[in-house]
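What follows is a set of notes on a single structure, which appears directly below.
The values are calculated or read from the model by the stated rules, or taken from the named source; none is laboratory data. Everything numeric here is computed off the predicted structure, so don't read it as measured data. Neighbour counts are summed over all protein chains in view; Cβ atoms, including those assigned to glycine, are modelled from backbone coordinates with ideal geometry.
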Amino acid sequence: MVLSISNAAQFSIDMTGPNALKMEANIVVLGTDNVGKSALTVRFLTRRFIGEYGHIESIYRHNVIVDGREVTFSIWDSPYSQEQYWETPIQEKRVQWADGFVLVYSICDRASFNAVARLVQGIKAKKDFLGVEKVPVVIVGNKRDLHHRRTVTSEEGRLLALTTDCQFYEVSAAENYHGVLMVFHGLTDRIRESRSAVKKPAGIKGIVKTVSAVFTRRRTDSL
Ligand SMILES: Nc1nc2c(ncn2[C@@H]2O[C@H](COP(=O)(O)OP(=O)(O)O)[C@@H](O)[C@H]2O)c(=O)[nH]1
Ligand SMILES: [Mg+2]
């Protein structure tokens, strides 16, 4: 089992560029208690569903190949502390550290959905303050298997994601590994995109390409 619990301070963010064959991704998993944050994280790491986890704060390191690239995930799975969520230094540190966020609610728990709506605003505001333009965030409605107890519709989840420019998945950490995999792959894509977005405009090669594209178009236009 590839699980290791360590201290956040040990990790350095080693960005190797959006097209590099290796990348590092620091991910924070947030949401209220009992929504399945640990279940989701452990499912991704081990492919297994383990019923109970306790409320320990952990950072997991995990190497996987995503679309031909080796990705080293550092995943911070933490218990929820509601009080002045964004005010404490530890939370601030967490937001600074993160390249991307997985915000989890349970489809049977309306309060957990409302909390995710608040969290996404808080994260965006903090990252905005830090000068980050686009924050990779995935919103996850978990416990899809408990649809008979559903209190949050899929449409509500999708709408929240749409209005806050996040990705959205409904999954069951208990019953399905593939959905959980999609969450982390989707977030990896977003992180890579956000890194390309901050890249400076293309150099001489890009200019040559643009110029030749203009000439090619002219030639075709005149046909
Ligand atoms: N039915 C169902 N139960 C789940 C699912 N994910 C987690 N749970 C259960 O929900 C409870 C809370 O899960 P946990 O991962 O500890 O939540 P956390 O507090 O957000 O980390 C545990 O009893 C899990 O077994 C799911 O997809 N379906
Ligand atoms: Mg937990």
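A search for C-beta distances below 7 Å between a residue of segment 27-48 that is acidic (D, E) and any residue that is near ligand 2 (Cβ under 8 Å from one of its atoms), counting only pairs 6+ apart in sequence or on different chains, returns D33/P79.
Of all the listed residues (A111, A125, A39, A115), the sole one being farther than 22 Å from Y177 by Cα, within 12 Å of ligand 1 (Cβ to nearest atom), outside any strand (DSSP E or B) and among the small types (G, A, S) is A115. List every residue pair whose Cβ atoms sit under 6 Å apart, with the two residues 6 or more apart in sequence or on different chains, where the first one lies in segment 52-63 and is within 18 Å of L30 (Cβ to Cβ) and assigned to a strand (DSSP E or B) and the second, anywhere, is among the acidic types (D, E) and within 8 Å of ligand 2 (Cβ to nearest atom). Between residues of segment 52-63 that are within 18 Å of L30 (Cβ to Cβ) and assigned to a strand (DSSP E or B) and residues that are among the acidic types (D, E) and within 8 Å of ligand 2 (Cβ to nearest atom), the close pairs are S58/D77.
There is at least one residue in segment 56-67 that is more than 8 Å from ligand 1 (Cβ to nearest atom), at pLDDT below 85 and not charged (D, E, K, R). Within segment 82-108, the set of residues being at pLDDT below 80 and part of a helix (DSSP H, G or I) comprises P89, I90, Q91, E92. The residue that is farthest from ligand 2 (Cβ to nearest atom), among those in segment 68-81 that are outside any strand (DSSP E or B) and in contact (Cβ under 8 Å) with a residue 40 or more places away in the chain, is G68. Residue-level check: of (1) more than 27 Å from S196 (Cβ to Cβ); (2) buried (at least 22 other Cβ atoms within 10 Å of the Cβ); (3) away from ligand 1 (no atom under 12 Å from the Cβ), S106 misses just (3). Considering segment 154-183, and only residues there that are more than 15 Å from the chain's Cα centre (by Cα) and outside any helix (DSSP H, G or I), the residue that is surrounded by the most Cβ atoms within 10 Å (Cβ to Cβ) turns out to be A173.
Suppose the filter is more than 15 Å from I27 (Cα to Cα) and either outside any loop (DSSP other than H, G, I, E, B) or within 16 Å of ligand 1 (Cβ to nearest atom) (or both); does R48 pass it? Before you say what the answer is, go through the steps one by one.
On the way: more than 15 Å from I27 (Cα to Cα): yes; either outside any loop (DSSP other than H, G, I, E, B) or within 16 Å of ligand 1 (Cβ to nearest atom) (or both): yes.
The answer is yes for R48.
Is there a residue being among the polar types (S, T, N, Q), modelled with pLDDT of 85 or more, more than 16 Å from ligand 2 (Cβ to nearest atom) and loosely packed, with under 15 Cβ neighbours inside 10 Å anywhere in segment 19-34? Scanning segment 19-34, I find no residue that is among the polar types (S, T, N, Q), modelled with pLDDT of 85 or more, more than 16 Å from ligand 2 (Cβ to nearest atom) and loosely packed, with under 15 Cβ neighbours inside 10 Å, so the answer is no.
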